[in-house]
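Some notes on the structure that comes next.
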Amino acid sequence: MTKSIWGLTTKGEYVVIPAKTGQKADVCKVGGIVGLAIGDAADPRLDANLQTILGEWHIHPRGSKMCNHNSLGIWAQPPSQMDLDNADDDVNIVIGARDGIVYYYDKNGVTKTIPYTEFIQ
């Protein structure tokens, strides 16, 4: 999985830099850890003049899968402990694709939640 970023260019303009599509992970795998590559831009031209990173975001999938022993594996929607531990920017966001909630967080935990429908307005 990759994290997308936004920030300021050398000209003081805001830029949003979507990341490349991340690696697939198995929701049934114990620990379910997904490696993150911060700012692996889908279009590297967008970060050519990036001066300051102001924040990052990524999406927690909506999918589920029937796992061994007839248990259902589902992706956690709020930020994981790994997300919290790696919250290095002022604004970090996880979008829960299944629950439709946008989670703002820092190293100490979730600081705010809003519905996705409000977030995209």
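The values are calculated or read from the model by the stated rules, or taken from the named source; none is laboratory data. Owing to the predicted nature of the structure, the values given are computational and were not obtained by experimental measurement. Cβ atoms come from the backbone with ideal geometry, glycine included; neighbour counts cover every protein chain shown.
Scan segment 101-113 residue by residue and report those that are over 17 Å from D90 (Cβ atoms) and not hydroxyl-bearing (S, T, Y). Break it down into steps so the answer makes sense when it comes.
So the first thing to find is which residues in segment 101-113 are over 17 Å from D90 (Cβ atoms), and the list is 101, 113.
Matches in segment 101-113: I101 only.
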| query | List, please: which pairs have Cβ atoms under 9 Å, are six or more places apart or on different chains, and start with a residue in segment 99-111 that is modelled with pLDDT of 95 or more and end with one that is in a strand (DSSP E or B) and of a type in the set (F, W, Y)? | reply | V102/W57; V110/Y103; V110/Y104; T111/Y103; T111/Y104; T111/Y105
| said: On the basis of being small (G, A, S) and either at pLDDT 90 or above or farther than 20 Å from W75 by Cα (or both), does A25 make the cut? | reply: no
| message | Show the residue pairs meeting these rules: Cβ distance below 6 Å; 6+ apart or different chains; first residue within segment 1-22 and without any contact (Cβ under 8 Å) to a residue 40 or more places away in the chain; second residue among the β-branched types (V, I, T). | response | V15/T9; I17/I5; A19/T2; K20/T2; G22/T2
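Tally time: how many residues in segment 1-27 are within 11 Å of the chain's Cα centre (by Cα) and under 12 Å from L50 (Cβ atoms)?
Total satisfying the criteria: 1.
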